[in-house]
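One structure is given below, encoded as structure tokens.
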Amino acid sequence: MSKTKQYYYDNAEKQVDDIIVKLKSNSIDYDTAKNSILAVEGLNLLNIDDENIDEVMQQELADENFATIH
């Protein structure tokens, strides 16, 4: 991966991770987290889109034994 692509990948990953942390700490709700993640620049580099965002978020929440109702 080129340095430029790696930079955007890393930035997108960090932004998504930060949003997931906020969701897990109940600082933001599920819909806000979802919309924030979908607005992240370079999200396509993480293979996340509007078709699989719910699956990705549920997997992240399940990894920490968190449950949410949306």
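Around Asn11, what is the net charge, scoring Lys/Arg as +1 and Asp/Glu as -1 over all other residues with Cβ under 12 Å from its Cβ? Show your work: numbers first, answer last.
Details: positive: Lys5, Lys14; negative: Asp10, Glu13, Asp17, Asp18, Glu41.
Around Asn11, the charge tally is -3.
Dipole magnitude for the chain: computed about the Cα centre from +1 point charges on Lys and Arg Cβ and -1 point charges on Asp and Glu Cβ, it is near 300 debye.
For the stretch 41-54, putting each phi into the Karplus relation 6.51 cos²θ - 1.76 cosθ + 1.60 with θ = phi - 60° gives couplings of 5, x, 4, 4, 5, 8, 6, 10, 8, 5, 8, 10, 4, 5 Hz, in residue order, rounded to whole numbers and with x for Gly and Pro.
Accessible area per residue of the chain at 1.4 Å probe, in Å²?
Working: 5020 Å² over 70 residues.
Ligands and nucleic acids excluded, the figure is 72 Å² per residue.
Computing FRET efficiency as 1/(1 + (r/R0)^6) for Lys24 and Asn44, where r is the C-beta to C-beta distance and R0 is 35 Å, gives about 0.90.
Sorting Glu60, Glu55 by accessible area puts them as Glu55, Glu60; the probe is 1.4 Å, largest comes first, and only protein heavy atoms count.
Given R₀ = 22 Å, what would the calculated FRET efficiency be for Ala62 paired with Tyr9, taking r from the Cβ atoms and rounding to 0.05?
Numbers: r = 24 Å, r/R0 = 1.08.
Given R0 = 22 Å and the Cβ-Cβ separation, E is 0.40.
Carbon and sulfur together cover what percent of the accessible area of the chain at a 1.4 Å probe radius?
Values: 2200 of 5020 Å².
Carbon and sulfur: 44 percent of the exposed surface of the chain.
With the simple spin-label model, which puts each label point 7 Å out from Cα in the Cβ direction, the Asp54 to Met1 separation comes to 2.8 nm. Please work out how much accessible surface Asp31 shows to a 1.4 Å probe, ignoring ligands, DNA and RNA, in Å² rounded to 10. Using a 1.4 Å probe on the heavy atoms, I get roughly 90 Å². Rounded to the nearest 10 degrees, the angle from helix 3-24 to the longest Cα principal axis of the chain is 10 degrees. Here Lys22 is the anchor, and the aspartates and glutamates within straight C-alpha reach of less than 13 Å, apart from those fewer than 8 places off in the same chain, are Asp31, Glu60. A straight Cα-to-Cα reach below 19 Å connects Lys3 with the lysines Lys14, residues fewer than 8 places away in its own chain not being considered.
The values are calculated or read from the model by the stated rules, or taken from the named source; none is laboratory data. Worth saying up front: this structure is predicted, and the values here are computed from it rather than measured. Quick reminder, even Gly has a Cβ in these numbers, built from the backbone with ideal geometry, and neighbours come from all protein chains shown. For the accessible areas, the whole protein counts, side chains as well, though only heavy atoms, and no ligand, DNA or RNA atoms are used. Shrake-Rupley method; radii C 1.70, N 1.55, O 1.52, S 1.80 Å.
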